[in-house]
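Heads up, the thing below is written out as structure tokens.
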Amino acid sequence: MEEIEDAIERADQEAFTREPPKTVQAQIRYLIRQLGSARAVAAQIGVTADSVNRYRRGARTARPDVAAKIDAAVRQRWQPRVRRQRRKQAATTGGITIETRARFGYTAPIGTTDDGRVRRLTVHLPPQYAQRLFDARDAGAGERQLRQIVAEGLQETYFKDGGRRADDLEVQFTDIDYLDLGC
């Protein structure tokens, strides 16, 4: 379950200003331009160089699993400059918006309820959380670390209202039903 990693990838794809190539033939041509040779593309998607050349010419159709690998390879490389600009803006001035439905539990002072419950939240996190999230992902952080960064952001922004209430509150972010990020 890599909810946050998938959400970051979806947010990256929303930054596309043009749609990536749709057909396998066009996708293969794009990958050959990016990687330099049919052999490099073949190594990337797990087929032979002859198969790559057949896909490029349209002489062979790709199996669904190979077509999915080709599509993923294209989307990973599509419009890197647009993605970098979008991330830079989110990390410096814009922040990110998180929409989620998950179980939130609390560690709070005596006399308050700390029973976890499922909540649906849409919260705009400040740029410093976007920067931490992107830096952690680029450094290879696991899902647990990414989830902790999101939980801290939600705790400070939504539950503590930027330090105006609930000073002693600690939020647990579990049982994620869905999570979407927007830059």
Next item on the list: Filter region 16-65 down to residues that are of a type in the set (Val, Ile, Thr), closer than 30 Å to ARG86 by Cα and open to solvent by less than 30 Å² (accessible area, probe 1.4 Å), then give me how many there are.
Entry: 3
Check: For region 25-58, which residues satisfy the criterion of being touching a residue at least 40 places away in the same chain (Cβ under 8 Å) and within 30 Å of LEU179 (Cα to Cα)?
Finding: GLN27
Notebook entry, point to check: What single numbered condition from (1) open to solvent by less than 30 Å² (accessible area, probe 1.4 Å); (2) at pLDDT 85 or above; (3) not in a helix (DSSP H, G or I) fails to hold for GLY105?
Noted result: (2)
Check: Restricting attention to region 124-171, which residues are open to solvent by 80 Å² or more (accessible area, probe 1.4 Å) and not in a helix (DSSP H, G or I)?
Finding: HIS124, ALA139, ARG164, ARG165, ASP167, ASP168, GLU170
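The values are calculated or read from the model by the stated rules, or taken from the named source; none is laboratory data. Please read all numbers here as calculations on a predicted model, not as lab measurements. Every residue, glycine among them, receives a Cβ derived from its backbone with ideal geometry; neighbour counts consider all protein chains shown. Remember, those area values only see protein heavy atoms, side chains included, never the ligands or the DNA or RNA. Shrake-Rupley method; radii C 1.70, N 1.55, O 1.52, S 1.80 Å.
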